Amino acid sequence: MDTSAALKLLVEETESSAVAKYFAAAVSRGDTLAASMLLYTELHCAANRRGLPGGLVNSVLSAINLVDVARSDLMYAAALPGRLRSADAIHLAAAIRLQADVMVAYDAELLAAAVDAGLNVLSPGTRA
């Protein structure tokens, strides 16, 4: 998952309920929720900007398997085609390395790049 999805668990947005239900169902099925450690930084920074407590962020992060960003992720991210922002490219490169079954995100460019990379994508609560 990327930050656009995880942030909806902290900040009430239109899709917040749908993404929370999706993640709860995934956990109950025994699915592994995963993201790179970049999510840790981005989510804490986003929460700080909004005045949200770090404990709330950590409770969301505790349900996610956070993996280190590898040098290869950074190099692969730099080589991805398209016009992705750096963080989105890193999230995608990590998802590809982890052989993710699905990329959960809400950023249209990231979702398109993930599809181009052969990943399934999902944005709970939106019409696809």
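What to note about this one:
- Conditions (1) surrounded by fewer than 17 Cβ atoms within 10 Å (Cβ to Cβ); (2) β-branched (V, I, T); (3) within 20 Å of V19 (Cα to Cα); (4) modelled with pLDDT of 95 or more; number of the one not met by T32: (4)
- Taken over the range 18-46, residues that are farther than 18 Å from A93 by Cβ and in a helix (DSSP H, G or I) amount to 16.
- Some residue of the range 90-111 being among the small types (G, A, S) and more than 17 Å from T3 (Cα to Cα): no
So that you can scan it fast, the table gives a plain yes or no per residue for (1) surrounded by fewer than 17 Cβ atoms within 10 Å (Cβ to Cβ); (2) farther than 13 Å from A5 by Cα:
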position	(1), (2)
K21	yes, no
A24	yes, yes
S28	yes, yes
S36	no, yes
E42	no, no
G51	yes, yes
S62	yes, yes
V67	yes, yes
A70	yes, yes
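- Number of the condition not met by M1 [criteria: (1) loosely packed, with under 15 Cβ neighbours inside 10 Å; (2) at pLDDT below 95; (3) closer than 24 Å to L74 by Cβ; (4) aliphatic (A, V, I, L, M)]: (1)
- Considering the conditions (1) of a type in the set (V, I, T); (2) outside any helix (DSSP H, G or I); (3) over 15 Å from A34 (Cα atoms), V115 is excluded by exactly one of them, (2).
- Number of positions in the range 1-17 that are in a helix (DSSP H, G or I) and more than 15 Å from the chain's Cα centre (by Cα): 1
- Residue check, A77 more than 24 Å from G125 (Cα to Cα), within 13 Å of the chain's Cα centre (by Cα) and assigned to a helix (DSSP H, G or I): no
- Selection within the range 72-82: residues that are on the phi < 0 side of the Ramachandran plot and of a type in the set (G, A, S). The member of this set that is surrounded by the fewest Cβ atoms within 10 Å (Cβ to Cβ) is A79.
- The residues listed here are A100, A63; of these, the one that is in contact (Cβ under 8 Å) with a residue 60 or more places away in the chain and either of a type in the set (F, W, Y) or assigned to a loop (DSSP other than H, G, I, E, B) (or both) is A100.
- Taken across the range 85-106, residues that are over 17 Å from V121 (Cβ atoms), in contact with a helix residue (DSSP H, G or I) (Cβ under 8 Å, 6 or more places away or on another chain), exposed (fewer than 15 other Cβ atoms within 10 Å of the Cβ) and of a type outside the set (K, R) do occur, with at least one present.
The values are calculated or read from the model by the stated rules, or taken from the named source; none is laboratory data. Owing to the predicted nature of the structure, the values given are computational and were not obtained by experimental measurement. When we count neighbours, we look across all protein chains shown, and the Cβ atoms used for this are built from the backbone with ideal geometry, even at glycine.
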